[in-house]
Amino acid sequence: MIVRTLDEVLGTEDDVSAPGWNSRRLLLAKHGMGFSMHDTIIEAGASLDLWYRHHLEAVYCIEGEGEIHSRDDGRTWPIGVGTIYALDRHDKHTLRARTRMRMICAFNPPVTGREVHDADGAYAPPPDDAAAE
Ligand code: 9YT
């Protein structure tokens, strides 16, 4: 069994920041679960254009409020505590934080831990897929 706490992750290489967000990666590819799970802070006022071409992601809001916009079909939904969104179609999306938001994020396949977004807002594919790029 694996038991980790947020305190153990803070300030380590699994605590990754980029403009507008800070992702504390609790479970990663190295843990062998088939998904990764992150406790992510989105800064108030952040507007993130994201597109996880190589991953499925589900995001569950546990603090704050904002909205999620699909750049594929133009729809927008409010996001607040207790709302989950799932990018089941590798949707191009924009996350806008009205307040500071805290999100629990799960990625399939799991991220390795070092990822930050590329110019498309995507993370690199897992190593097994890299040859196909
Ligand atoms: C909600 C979202 O996708 N934020 C960007 C960071 C990402 N969730 C991560 O790496 O934890």
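Key figures
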{"quantity": "Cβ charges +1 (Lys, Arg) and -1 (Asp, Glu), total dipole of the chain, debye", "calculated": "260"}
{"quantity": "Relative contact order for the chain, counting Cα pairs under 8 Å that sit 6 or more residues apart, in percent", "calculated": "30"}
{"quantity": "Calculated from backbone phi, Karplus (6.51, -1.76, 1.60) coupling profile of region 60-76 in Hz, x at Gly/Pro", "calculated": "10, 7, 10, 8, x, 8, x, 8, 10, 10, 8, 7, 7, 10, x, 7, 9"}
{"quantity": "Heavy-atom accessible area order for 50, 10, 27, largest first, 1.4 Å probe", "calculated": "10, 27, 50"}
{"quantity": "Cβ-Cβ FRET estimate between residue 12 and residue 63, R0 fixed at 22 Å, reported to 0.05", "calculated": "0.50"}
{"quantity": "Within a Gaussian network of the chain (alpha carbon springs, distance under 10 Å), most fluctuating of 15, 91, 73", "calculated": "73"}
{"quantity": "Whole-number accessible area per residue in Å² for the chain, which is evaluated in the context of all protein chains at 1.4 Å", "calculated": "54"}
{"quantity": "Relative frequency of Cα-Cα separations exceeding 21 Å in region 18-107, percent", "calculated": "25"}
{"quantity": "Net lengthening on full extension, residue 31/residue 99 (0.36 nm per residue, minus Cα-Cα)", "calculated": "21.3 nm"}
{"quantity": "With every protein chain in place, region 1-103: carbon and sulfur % of accessible area (1.4 Å)", "calculated": "52"}
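The values are calculated or read from the model by the stated rules, or taken from the named source; none is laboratory data. Remember, it's a predicted structure, so these values are computed and weren't measured experimentally. For neighbour counting, all protein chains shown are included, and Cβ atoms are generated from backbone atoms with ideal geometry for every residue, glycine included. Areas reflect the complete protein model, heavy atoms only, side chains present, ligands, DNA and RNA absent. Shrake-Rupley method; radii C 1.70, N 1.55, O 1.52, S 1.80 Å.
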